[in-house]
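Notes follow the structure.
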Amino acid sequence: MPSKRMIAAINEALFEEMERDENIIVFGEDVQLAIMGDTRGLYERFGPNRIRNTPICEATLTGMALGATAAGYHVVLHMMFANFVYTGFDAIANQISKMRLMTGGQLKIPVTFLACYGGGGSNAAQHSDSAHPALMNLGGINVVMPSTPADAKGLLKTALRSPNPCFFLEAAARGGQMGEVPDGEHLVPFGKAALAREGSDVTLVTMGSATKWCLDAATSLGKAGIEAEVVDLRSLVPIDEEAILKSIAKTGRLVVVDESRDCCGAGSHIAAIAADKGFFSLKAPVKRVNIPDVAIPYAPAAELAVLPTPGRIEAAVRQLVG
Amino acid sequence: MPSKRMIAAINEALFEEMERDENIIVFGEDVQLAIMGDTRGLYERFGPNRIRNTPICEATLTGMALGATAAGYHVVLHMMFANFVYTGFDAIANQISKMRLMTGGQLKIPVTFLACYGGGGSNAAQHSDSAHPALMNLGGINVVMPSTPADAKGLLKTALRSPNPCFFLEAAARGGQMGEVPDGEHLVPFGKAALAREGSDVTLVTMGSATKWCLDAATSLGKAGIEAEVVDLRSLVPIDEEAILKSIAKTGRLVVVDESRDCCGAGSHIAAIAADKGFFSLKAPVKRVNIPDVAIPYAPAAELAVLPTPGRIEAAVRQLVG
Amino acid sequence: MIAVKEKSNKHEYVELLERMLLIRRSEERLALLAAAGQLPGAVHLYIGEEAVAVGACSVLQERDWITSTHRGHGHFLAKGGDLKAMFAEIWGKKEGICKGMGGSMHVADFSKGILGANGIVGGGFAIATGAGFGAKLRGDGRVVSCFFGDGAANQGVFMESMNISSAWGLPVIFICENNGLSEFTVSSTITGGKLEDRAKAFMPTKVVDGNDVLAVQAAVREAVERARRGDGPSYVEAKTYRIRGHLEAEDAMLGGGTYRSKEDIAAWQAKGKDPISRFETYLLGNGIVEASEVTALQDKIIRIVNEAVAYADAGEDADVTLAHSLMFAAQEA
Amino acid sequence: MIAVKEKSNKHEYVELLERMLLIRRSEERLALLAAAGQLPGAVHLYIGEEAVAVGACSVLQERDWITSTHRGHGHFLAKGGDLKAMFAEIWGKKEGICKGMGGSMHVADFSKGILGANGIVGGGFAIATGAGFGAKLRGDGRVVSCFFGDGAANQGVFMESMNISSAWGLPVIFICENNGLSEFTVSSTITGGKLEDRAKAFMPTKVVDGNDVLAVQAAVREAVERARRGDGPSYVEAKTYRIRGHLEAEDAMLGGGTYRSKEDIAAWQAKGKDPISRFETYLLGNGIVEASEVTALQDKIIRIVNEAVAYADAGEDADVTLAHSLMFAAQEA
Ligand SMILES: Cc1ncc(C[n+]2csc(CCOP(=O)(O)OP(=O)(O)O)c2C)c(N)n1
Ligand SMILES: Cc1ncc(C[n+]2csc(CCOP(=O)(O)OP(=O)(O)O)c2C)c(N)n1
Ligand SMILES: [Mg+2]
Ligand SMILES: [Mg+2]
């Protein structure tokens, strides 16, 4: 399998699916010259009717995505940074996540949102948020977060064939990460976690950007004789509860690692699942390593201090094991 | 103490604080004739410079609230229904919750938001959401949800003296609920739960609209010999972890009851706290009774079926006790 | 839906009258039932504004799209939505057009191009613009009519949507129902400048007497033709008035407060102003219809409304499990 | 900040030149350092647009407010912000104006009326309107200048804020920095109609040559006077150009793509167009300053920039615990 950068795998999924399905259209701010890199070359290949730069007006763009599905399109809306999801949040929360139920199921909403999330670039508070908790809470929207180029391709292809709205979230600082990517048809189903590392002493449940940090922490812990299992959820809505429960049944210990703020974050939700359905497997408190309830600071060291980096993960594990 | 309706207690807090502090101004859509009842009479008393109807433009109103603090005002912005918080979410999430840190603490942001949340009125999906999980996840905003008229008055007075942004959330279906309300100076501090009912068999942690349902369930369970303790959090940010942990140390069992959707909801966050810091107290799985991950349906019976009503609470308790 | 005619004729006129009467009579029934506490949720009536929806939709084809508002019954019926299915919806029944999941504020029928009433003020702008973008890409000559109120015209999505529609030449007709009111607020107190001027920055505009069904029809017809030709969006502002309260529970919510005078309401209800009695007078006065025909029409409408009430009454309660099963569509094989 | 003068004179002219030079030279230094990978985060430079901020702020008082954009260094310095504190901020240092918590996109100094640069395009509109509302309520004669780009003018909050400002007669000056570009998009491809016409629906407007500092100054002065008199908001559009990339990392992000020609950039950099060389030529040509004075000024500015770099270099790293302690203000006793 060829090794590719994450961003190239995303680009490949877009190319392949747009070739396959002429109803897929892409729009958003600066998608033509591809400010985030992922949509590069689509304009040259598919032209202005399939990919188009928009004005800066997120509130309308999100609602437009819904409207354009009436004409039979599968819309890909690029939101650039996850913080701008807040700017366009009304139509996401009040229209897209509710319209199918409100109309008694009259419509399908094949809309795939792309957005880059997370810190690591000293982009400060307005360009470093992870918006997934707010999206997960809406109920009507799938949310996926790949951690490898292969999963990025496979999850995005699944999203682009789905009749439902989906947020495909890209870790802003990880576009350059390399990995093997299967050529052509490669679909990763929603709601299936990947076992990123096997281990017997503690389970790290994680996703997206935090997976690499977990694997780094696990390697380091391994040297100290602590074997961490790393479960990469890949999709948050739907979520693979079984994979979580199976792993904690094996290890009895859980640390949830996620790059979103703690309060009502993804980590809390996963911990809550464990405390309910996995309760009898647990031998120790469920720990969360995530972003504290603060805005992301600018200065590099200050930013790094609030990210769920390997050091913090290791420390949490050591509270449970050893 | 005089008995008053919830909405009257809120109104009283506004009157008293606006008398006390001439820097408090109120604006929002239809606050003058008081479409939600809570701001009634303020216009006649304080006039157009202290309370003013605005155009319908939530995205600007939330940002304006921040801007007006530059002139030394404590702004009360009424958002009407919690769903409209999504419409004005950008300035809440990207400006208000982050501006203090982003500027190195140069400003205070004394903004109190009022919004009515929750179901029970067959108002359908776009008028029945509880937006608190998304707000709790932002990190820079206090979130309070009274369950009694006295707490409504006391929490709102605290909010109106706070230098920080605060969401004061009113249960839409509970404005008429009666309760004794202390006259004059009555302040309820943020971050202090109330023990709404003592019990030894199971803890119900709840807040706002769900408190009444918990108390009803507890009464019914009591008849069957199951004594439920009801902890009414009153404030969600900051949250009274101690009260939660103290109660589960006593009962060993926890059901979290909240009127927000499950995924990354307030209930998940409370369960996560218990699974971490309260782990060794727990004798049974932590259950959550809340809104499933769906949009709120219109038809009364269908709406009721998704609310965390006493029947569902009782059923959850009986899974743990008995 | 009312058929498109090259030339106005009696048949078409009677259809316009019939459709306005259907809206009026069915909403009067809703008012009665709401007052009796027999309807769930909030009910926002369109009474007094029927000429706007009916005039506008009379020049649309079934495949054309509309987006509507919280005050959406009139648009739904004017665009050919089924009264029985709408009543069943408001009653919260399984037979409702949205299976009882949406209610009054969300009546929609995608098969008839009705992309939904909307509880979010301004919620229709972007949906209409997106649909217009879709239509433009397909090049199939479809147009979209976006109904919205003068209050909604203060939402920024109005400008955003006009900008995109104009920059990209989309077939969108922005139809402002200017009734001078935003809930309990007199719109002039919260509105800077003239709404029409906001639109003028982007597209051709026309302001018409919104209680004159033929005037609305003519203005929208011109806009539709322009849109179908590929010449882009237009703005039509219809000056009209809401006779009933903002919602049927208004009196209780006002707690004795007032925001308009009884005289104002009476003036707009007068024969020369009310869109329906005025059009009747016009048709009778010009000998286009006979008094007996109008009476027969009135009787027919009452019958239709009665039948719809009976239908909704007899319906089954909504399926309480739908909230769980309908949120996501099943993946196709 | 540049003092307000009844009549233009040499002193004032030199101040305008000096302020523009300060912005130019300090940003040129930032460009070099960014290219060398020595600055954290994204850096958006104002080079080529200095006349707008400097002309506008020259007629503001210290107590007046401004809101700024992602391209905010120029506004910050023009309104009297301290260069050392700004550099220290961009360096991520404790001595930074925001203690290193905000960086380039968030430079703010509330004590000087600078209500913050803003990473959200259009983020300043509502803040300016709220501040203007506050000023109006206080009746203290303060005004607010809201700087924004032509791209931001497509955000709906632009219309919403103009509506409120006009409906309530707020002392807000909307200053559009029309550089024809929104990131890598040529704005004309995503913009319907003329921006000025959007504003005309609400308030007096004026379009000026944004590279002519005196033209900007005159237009903004008129708007400020109107606002102080209580006569409400104005719109001033300054036609200008961004010489540098959207951000300093642009080349890498474009991956070889282009959105404008080298010739365009060169044309705007020409002596007759560039706001600084043009103003210098004007001052020299009219005998207002001598060449030696300009040289001395240039030297002085270089010294100031060097000192600021040294100051920032010598600063302490930002306190990593601040994120925790600064989120909420302490309740007063
Ligand atoms: C985003 C949003 N904000 C506020 C409301 C509450 N609301 C419902 S109708 C209305 C007034 C709408 O006025 P207009 O658009 O003129 O329509 P009209 O009711 O006059 O037909 C308001 C403020 C809402 N439903 N949605
Ligand atoms: C809400 C939001 N959407 C998108 C962006 C990304 N973005 C940053 S600058 C910019 C272009 C702004 O153009 P303009 O307002 O003309 O300012 P200029 O850069 O030309 O000075 C965009 C789209 C953003 N920062 N915020
Ligand atoms: Mg209206
Ligand atoms: Mg620009």
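The values are calculated or read from the model by the stated rules, or taken from the named source; none is laboratory data. Note that this is a predicted model, so its numbers are computed, not measured. Positions of Cβ are backbone-derived with ideal geometry, glycine not excepted, and every protein chain shown enters the neighbour counts.
Assorted remarks:
- Subset of region D:7-25 (residues that are under 16 Å from D:Glu307 (Cβ atoms) and more than 14 Å from the chain's Cα centre (by Cα)): D:Glu18, D:Arg25
- Considering residues of region C:208-245 that are at negative phi and within 14 Å of chain D (Cβ to nearest Cβ) only, the residue nearest to ligand 3 (Cβ to nearest atom): C:Glu237
- Subset of region C:146-196 that is assigned to a loop (DSSP other than H, G, I, E, B) and within 16 Å of C:Gly210 (Cβ to Cβ) - its residue that is farthest from ligand 1 (Cβ to nearest atom): C:Lys194
- Positions within region C:276-333 being among the hydroxyl-bearing types (Ser, Thr, Tyr), within 11 Å of another protein chain (Cβ to nearest Cβ) and either touching a helix residue (DSSP H, G or I) at 6+ places or on another chain (Cβ under 9 Å) or within 23 Å of C:Ser26 (Cα to Cα) (or both), in sequence order: C:Thr321
- Being in a loop (DSSP other than H, G, I, E, B), more than 7 Å from every other protein chain (Cβ to nearest Cβ) and either away from ligand 2 (no atom under 16 Å from the Cβ) or farther than 23 Å from C:Ile190 by Cβ (or both) is not true of C:Glu89.
- Residue match in region A:140-154 (condition: within 10 Å of another protein chain (Cβ to nearest Cβ), more than 24 Å from B:Ile291 (Cβ to Cβ) and modelled with pLDDT of 95 or more): no
- For A:Asp216, the criteria (1) away from chain D (no Cβ under 14 Å); (2) touching a Pro at 6+ places or on another chain (Cβ under 7 Å); (3) in a loop (DSSP other than H, G, I, E, B) hold in every case but one, which is (3).
- Taken together, the criteria exclude D:Glu160 from residues that are crowded, with 24+ Cβ neighbours inside 10 Å, within 11 Å of ligand 2 (Cβ to nearest atom) and modelled with pLDDT of 95 or more.
- Pair list, Cβ < 9 Å and 6+ apart or interchain, from region B:90-106 residues that are surrounded by fewer than 24 Cβ atoms within 10 Å (Cβ to Cβ) to residues that are at pLDDT below 95 and part of a helix (DSSP H, G or I): none
- Count of residues meeting criterion [away from ligand 3 (no atom under 16 Å from the Cβ) and either at the interface with another protein chain (Cβ under 8 Å from one of its Cβ atoms) or charged (D, E, K, R) (or both)] in region C:145-156: 1
- Candidates A:Gly208, A:Gly175, A:Gly154 - the one that is among the small types (Gly, Ala, Ser), on the phi > 0 side of the Ramachandran plot and either crowded, with 19+ Cβ neighbours inside 10 Å or within 20 Å of the chain's Cα centre (by Cα) (or both): A:Gly208
This table checks each residue for (1) within 16 Å of ligand 2 (Cβ to nearest atom); (2) at pLDDT below 95; (3) touching a Ser or Thr at 6+ places or on another chain (Cβ under 6 Å).
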residue	(1), (2), (3)
D:Ser187	yes, no, no
D:Arg198	yes, no, no
D:Ala201	no, no, no
D:Thr205	no, no, no
D:Leu214	no, no, no
D:Gln217	no, no, yes
D:Val220	no, no, no
D:Ala227	no, no, no
D:Asp231	no, no, no
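- Candidates A:Tyr86, A:Tyr73 - the one that is within 16 Å of ligand 2 (Cβ to nearest atom) and assigned by TED's automatic domain parsing to the domain that holds A:Val143: A:Tyr86
- Residues satisfying the stated conditions in region D:281-312, i.e. touching a Phe, Trp or Tyr at 6+ places or on another chain (Cβ under 8 Å) and of a type in the set (Phe, Trp, Tyr): D:Tyr311
- Any chance C:Val4 is at pLDDT 95 or above and at negative phi: no
- Pairs, first under 15 Å from D:Arg198 (Cα atoms) in region C:156-184, second within 16 Å of ligand 2 (Cβ to nearest atom) and of a type in the set (D, E, K, R), C-beta under 6 Å, six or more apart: C:Gly156/D:Glu160
- Every residue from region D:246-258 that is acidic (Asp, Glu) and either within 16 Å of ligand 3 (Cβ to nearest atom) or not in a helix (DSSP H, G or I) (or both): D:Glu248
- Applying the condition of being within 16 Å of ligand 4 (Cβ to nearest atom) and in contact with a Gly (Cβ under 9 Å, 6 or more places away or on another chain) to region D:164-181 and asking which residue is farthest from D:Ala227 (Cα to Cα) yields D:Leu181.
- Filtered residues of region D:92-123 (kept if buried (at least 24 other Cβ atoms within 10 Å of the Cβ), more than 10 Å from chain B (Cβ to nearest Cβ) and in a helix (DSSP H, G or I)): D:Ser104
- Residues of region A:25-61 satisfying the condition of being in contact (Cβ under 8 Å) with a residue 40 or more places away in the chain and either assigned to a helix (DSSP H, G or I) or more than 21 Å from the chain's Cα centre (by Cα) (or both): A:Ile25, A:Asp30
- Residues in region B:43-65 that are surrounded by 24 or more Cβ atoms within 10 Å (Cβ to Cβ), under 20 Å from D:Ala135 (Cβ atoms) and either within 16 Å of ligand 2 (Cβ to nearest atom) or aromatic (Phe, Trp, Tyr) (or both): B:Thr60, B:Thr62, B:Gly63.
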